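**Q** A single structure is presented below for examination.
The values are calculated or read from the model by the stated rules, or taken from the named source; none is laboratory data. Worth saying up front: this structure is predicted, and the values here are computed from it rather than measured. Cβ atoms come from the backbone with ideal geometry, glycine included; neighbour counts cover every protein chain shown. Surface accessibility is based on the protein's heavy atoms, side chains included, excluding ligands, DNA and RNA. Shrake-Rupley method; radii C 1.70, N 1.55, O 1.52, S 1.80 Å.
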Amino acid sequence: MIRIVIAEDQGMMLGALGSLLNMEDDMEVVGMARNGEEAVNLVKTHEPDICVMDIEMPVKTGLDAAEELKGMNCKIIILTTFARAGYFERARKAGVRGYLLKDSPIEELVDSIHAIDGGRRIYAPELVDIAYEDDSVNPLTDRESQVLELVAEGKTTKEIAGELYLTQGTVRNYISTILEKLDVGNRIEAISHFKEKGWFK
């Protein structure tokens with residue numbers, strides 16, 4: 001019997017996953033968590049074979065929980081809507097054995113649980129493609145790089161607009177494009193990513 005803990009902050013999704021996996025002859029859901037901290041506690045209490053975990057959860061994210069559980073016998077499967085290279089890379093470093101997207105059919109999750117319980121690693125093909133794209137080239141235009149450099153200097157949207165003779169709305173548009181291109185969630189992550197890559201002049 002494969003013993004499973006599920007962590008998912010959306011109640012309906014959590015209940016549905018639990019019911020579907022419990023219907024399998026060789027699977028038993030031994031715990032269900034609504035956040036990463038609950039997931040860590042349930043894994044330590046029940047010592048399951050597998051923990052299926054969302055990323056974006058309150059209190060502690062799935063990736064934080066996976067990092068905390070690294071080294072335990074429980075094999076972690078991340079099940080998320082986010083196909084982001086940064087998340088995937090962090091998950092791999094945390095020893096996550098599976099990384100699947102939520103739009104996959106339940107049969108795929110069941111097959112993956114069997115394979116991962118048997119010692120394999122399963123990563124969604126989309127993630128592998130993203131992870132190995134060439135990211136050594138700065139994806140930002142000169143103007144976008146200029147805007148980010150001013151953000152890094154601590155300048156406000158209003159100050160950047162004044163310095164570059166742009167409207168504040170245009171500066172905000174530039175910033176949202178920068179975040180999208182760098183695949184980050186906020187300005188601090190964008191600056192940190194840009195520094196790591198050595199793209200600041």
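Rundown of residues vs (1) within 21 Å of Phe82 (Cβ to Cβ); (2) in contact with a strand residue (DSSP E or B) (Cβ under 9 Å, 6 or more places away or on another chain); (3) surrounded by 17 or more Cβ atoms within 10 Å (Cβ to Cβ), yes/no style:
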| residue | (1), (2), (3) |
| --- | --- |
| Ala161 | no, no, yes |
| Leu164 | no, no, no |
| Tyr174 | no, no, yes |
| Ile178 | yes, no, yes |
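**Q** Against the condition open to solvent by 50 Å² or more (accessible area, probe 1.4 Å), modelled with pLDDT of 95 or more and either among the small types (Gly, Ala, Ser) or out of contact with any His (no Cβ under 7 Å at 6 or more places or on another chain) (or both), how does Asp142 come out, does it pass?
**A** no
**Q** Here's a follow-up. Note down all Cβ pairs under 7 Å where the first residue falls in the stretch 157-180 and is under 12 Å from Arg143 (Cβ atoms), the second is among the aliphatic types (A, V, I, L, M) and part of a loop (DSSP other than H, G, I, E, B), and they're at least six residues apart or on different chains.
**A** Close Cβ pairs (under 7 Å, with a partner that is among the aliphatic types (A, V, I, L, M) and part of a loop (DSSP other than H, G, I, E, B)) amount to Ile178/Leu140.
**Q** Here is a follow-up. Within the stretch 79-94, take every residue that is open to solvent by less than 10 Å² (accessible area, probe 1.4 Å) and within 8 Å of the chain's Cα centre (by Cα) and give me the one that is farthest from Arg121 (Cα to Cα).
**A** Only one residue tops the list, namely Thr80.
**Q** Something else about it: Examine the stretch 105-115 for a residue that is modelled with pLDDT of 90 or more and polar (S, T, N, Q), and state whether such a residue exists.
**A** yes
**Q** Identify all residues within the stretch 16-30 that are open to solvent by 10 Å² or more (accessible area, probe 1.4 Å) and either more than 22 Å from Pro58 (Cα to Cα) or touching a Leu at 6+ places or on another chain (Cβ under 6 Å) (or both); write none if there are none.
**A** The answer is Ser19, Leu20, Asn22, Met23, Glu24, Asp25, Asp26, Glu28, Val29.
**Q** So which of Met72, Met57, Met13 is open to solvent by less than 60 Å² (accessible area, probe 1.4 Å) and in a loop (DSSP other than H, G, I, E, B)?
**A** Exactly one of Met72, Met57, Met13 is open to solvent by less than 60 Å² (accessible area, probe 1.4 Å) and in a loop (DSSP other than H, G, I, E, B), namely Met57.
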